[in-house]
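The values are calculated or read from the model by the stated rules, or taken from the named source; none is laboratory data. Remember, it's a predicted structure, so these values are computed and weren't measured experimentally. Cβ placement follows ideal geometry from the backbone for every residue including glycine, while neighbour counts extend to all protein chains displayed.
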Amino acid sequence: MDKSDIEAMDSRWNWIYKFSSVTALIAGILFLIAGIELIIMVFQSGTINGSFWSNWLILLFKLHAGFNGIQLNQLYVLNLLDIVIMVFIALTFLGLYVALRRASKIWSIIALIQPFLGILIFIATQSAGRSAVMGGILVISFVMLQNNTFKNFTAFLGIIASLAYDMENRKIT
């Protein structure tokens, strides 16, 4: 294959890159809204009560920050926002798979499958699927290290975030 054939093949996937970029942006915005709501609630009332935006990551933050009224059993609740964020993250993995499939096809497929399986597991167990998403992030981060498409900084950030989540999750359970 010459260079023009490779460029033509890559241009076929542009829509997936754009789509997964939008899904990553939406997931990030949802996390940002949840964080802003957390700050507003603290300054207004000094306490944290349940809200729609209290997804698992925000609940973990509240739990470890020592906010009153946060109980461990709140993490084991089927939350629609968690499912929506997990779907957006799983769709983001489609673009990552396309970008990194040449670096390691098998590991890229494993990383792609984990968030989708995590959604099913989360719906069934109301807790365990979140770890599958973080596992997918860990695997795709290692694949990023094998390829120069992404900066190593991005890969190391994914590895650190996944390992930090795993360590925090072990403390709680």
Of the residues in the stretch 130-151 that are at pLDDT below 90, in a helix (DSSP H, G or I) and more than 9 Å from the chain's Cα centre (by Cα), the one that is nearest to residue 105 (Cα to Cα) is 135
In the stretch 104-133, anything farther than 21 Å from residue 19 by Cβ and small (Gly, Ala, Ser) is listed as 104, 124, 127, 128, 129, 131, 132
Could you say whether any residue in the stretch 155-171 is farther than 25 Å from residue 29 by Cβ, of a type in the set (Val, Ile, Thr), in a helix (DSSP H, G or I) and modelled with pLDDT of 90 or more?
-> no
